[in-house]
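*Asks:* Have a look at the structure that comes next, please.
The values are calculated or read from the model by the stated rules, or taken from the named source; none is laboratory data. Note that the structure is a prediction, hence the values are computed from the model and not measured. Counting neighbours? That spans all protein chains shown, and the Cβs are built from the backbone with ideal geometry, glycine included.
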Number of protein chains: 2
Amino acid sequence: MLNVLVTLDSNYIKPLKVMLKSLFLNNQKERFTIYLMHSSLTSNELNDLDDYIKAHGSQLQIVDIDDSYFVNAPTLLHYTKAMYYRLLAFKFLPEELDRILYLDPDILVINSVNELYNTDIKKYLYAAAYHDLIPIKEVNRLRLNQYKIDAYYNSGVLLMNLERQRLSIDENTIFEFVEKNHSKLIMPDQDILNALYSKQIKALDEKLYNYDARYYRYYKMKTNGICDMDYVIKNTVVLHFCGKRKPWKKSYSGKFHALYKHYEKLALY
Amino acid sequence: MLNVLVTLDSNYIKPLKVMLKSLFLNNQKERFTIYLMHSSLTSNELNDLDDYIKAHGSQLQIVDIDDSYFVNAPTLLHYTKAMYYRLLAFKFLPEELDRILYLDPDILVINSVNELYNTDIKKYLYAAAYHDLIPIKEVNRLRLNQYKIDAYYNSGVLLMNLERQRLSIDENTIFEFVEKNHSKLIMPDQDILNALYSKQIKALDEKLYNYDARYYRYYKMKTNGICDMDYVIKNTVVLHFCGKRKPWKKSYSGKFHALYKHYEKLALY
């Protein structure tokens, strides 16, 4: 049984189903417990999601969130307390879980997650990938300059060492960081992760575990042609549709558009 | 049981398997008899294909071809007698078949073929689609000018009315046409089909049954945006990778590259 964590509002239910469909189809020998942290889903939406996941032989667990826990937590202009869910999941997940794989809903999982899930993270809080494309890297590194980060990890795919997190992450450190830097934070949870924990993250290969679907040509060029379409389809585990333009929107266009729509059809129709 | 015809040499076995995989996956309630006309496949290759098709719950039938039949048939520089297989299939297929769907191997079948297969063709020899993009249409129309064709049909997807063909197609008409026009013929079987039988072909909607994968933008523009990626993935039955650049080649690039590679992985690995 593999543990997967998702955090969600209603707008993302359809993409979540597409992501889950791709996960289930490409990992048919596995069963999953999908832990869901949410603040606004209706009971109809939750029941529908429960049925959907059961129909695929896996199960849904709604994570109970004690709101009083966030009484002292600062919020930002466009972000609610939900921005802390991913980072503080370890507080709300069952004690017996030692690891969980967090996945964003704007993802397709197109190969087996086994190696990713079983990555050795004994000495780390997380495993994640950073996007090495220079503009992404530099902008974020400079923004969080004072925290002396080497890499700016993407928080869309996070393998979590829950045991270690329970021992060493203090929510007050996070809340204080947000208070102090609220004007600088663009992607709050990702920024927090990097500023506070960058050195305790095990680096994953982004081509396999967090392939930014906008940059097909870049990956291919950087690897002298090795990371071509054949390589991606056979080897990449997580295709991540980063950025503002999403493949479920009308105006989208990109290398993996047809593939996304293919999974969307399987998931929703 | 649906009848499908393919004609093949060894170079196309892999693409054929990909095409068949897509056909089977998207038509899981159907069973198919795949009739194969070939001249050069080894018994190993044929056994492998037989196993592959059986594993998907369908069956392979090798069509017996009497070579003496082609003794008087003219050939062209780069083409063998195999160029006649598609047009003269009705001579070699079992008497009891009344219709068959011919499919090129450079195709993905991404939705149900039922409506296509059951198209009313009582009054026609074939059903096929023509590609309405002006350059394709005009070049071919002008080349076969004297035969006064209105449309130049693509022969990659051909629904055949075998009963009517047995009554009205004479191989000598075809052989004479080739003798007379050998210098003009670029795609011989397709040219013959159009020059001799264009008026007895029922026109199919190319967007549904013979979508030229090179021209996504053209289809979308021509339909004021209706035929977008969502429409294609949900409605198009046959995606046809026309032209010299093929999606199983290293250098390929195109809108449906990732989708092709996805089916290729399912079919071959």
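*Asks:* When you check residue A:163 against the structure, is it out of contact with any Asp or Glu (no Cβ under 6 Å at 6 or more places or on another chain) and among the charged types (D, E, K, R), yes or no?
*Replies:* Taking the combined requirement at face value, the residue does not satisfy it.
*Asks:* Among the candidates A:126, A:84, A:102, A:117, single out the residue that is surrounded by 14 or more Cβ atoms within 10 Å (Cβ to Cβ) and at pLDDT below 95.
*Replies:* A:84
*Asks:* Can you pull out every residue in the range B:236-269 that is among the hydroxyl-bearing types (Ser, Thr, Tyr), over 20 Å from the mean Cα position of the chain (by Cα) and either more than 9 Å from chain A (Cβ to nearest Cβ) or surrounded by fewer than 17 Cβ atoms within 10 Å (Cβ to Cβ) (or both)? Quick ask: steps written out before the conclusion?
*Replies:* Of the range B:236-269, the ones among the hydroxyl-bearing types (Ser, Thr, Tyr) are B:236, B:251-253, B:260, B:263, B:269.
Checking the rest, the ones that are also over 20 Å from the mean Cα position of the chain (by Cα) come to B:251-253, B:269.
Residues satisfying the conditions are B:251, B:253, B:269.
*Asks:* Can I ask one more? May I ask you to list pairs of residues, at least six apart or on different chains, whose Cβ atoms are under 8 Å apart, with the first in the range B:46-58 being closer than 15 Å to residue B:22 by Cα and the second being surrounded by 12 or more Cβ atoms within 10 Å (Cβ to Cβ) and among the hydroxyl-bearing types (Ser, Thr, Tyr)?
*Replies:* Pairs that qualify, where the first residue is closer than 15 Å to residue B:22 by Cα and the partner is surrounded by 12 or more Cβ atoms within 10 Å (Cβ to Cβ) and among the hydroxyl-bearing types (Ser, Thr, Tyr), are B:58/B:33.
Conditions tested, residue by residue: (1) closer than 25 Å to residue B:214 by Cβ; (2) of a type outside the set (A, V, I, L, M); (3) over 13 Å from the mean Cα position of the chain (by Cα).
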position	(1), (2), (3)
B:66	no, yes, yes
B:81	no, yes, yes
B:87	no, no, no
B:101	yes, no, no
B:112	yes, yes, yes
B:118	no, yes, yes
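*Asks:* Mind listing just one residue for me: the one in the range A:49-60 that is buried (at least 16 other Cβ atoms within 10 Å of the Cβ) and not acidic (Asp, Glu) and, of those, farthest from residue A:29 (Cα to Cα)?
*Replies:* Per the criteria, the residue is A:49.
*Asks:* Let me ask something additional. Determine which member of the set B:233, B:201 is more than 10 Å from chain A (Cβ to nearest Cβ) and buried (at least 23 other Cβ atoms within 10 Å of the Cβ). It would help to see each step written out before you state the result.
*Replies:* Values: B:233 fails: more than 10 Å from chain A (Cβ to nearest Cβ).
Checking each option against the conditions leaves just B:201.
*Asks:* Can you give me the number of residues within the range B:29-55 that are more than 14 Å from residue B:101 (Cα to Cα) and among the basic types (Lys, Arg)?
*Replies:* Final tally of qualifying residues: 2.
*Asks:* So is residue A:124 out of contact with any Pro (no Cβ under 8 Å at 6 or more places or on another chain), over 13 Å from residue A:163 (Cα atoms), not in a strand (DSSP E or B) and not small (Gly, Ala, Ser) or not?
*Replies:* The answer is no for residue A:124.
*Asks:* Follow-up. Sort out for me the helices (runs of 4 or more DSSP H) sitting completely within the range B:151-248 that have 2 or more residues that are acidic (Asp, Glu).
*Replies:* Because the criterion is at least 2 residues that are acidic (Asp, Glu), the helices (runs of 4 or more DSSP H) in the range B:151-248 that meet it are B:171-181, B:188-197.
*Asks:* Identify, by number, the condition in (1) closer than 26 Å to residue B:148 by Cα; (2) hydrophobic (A, V, I, L, M, F, W, C); (3) touching an Asp or Glu at 6+ places or on another chain (Cβ under 6 Å) that residue B:241 doesn't meet.
*Replies:* Going through the list (1) closer than 26 Å to residue B:148 by Cα; (2) hydrophobic (A, V, I, L, M, F, W, C); (3) touching an Asp or Glu at 6+ places or on another chain (Cβ under 6 Å), residue B:241 breaks only (1).
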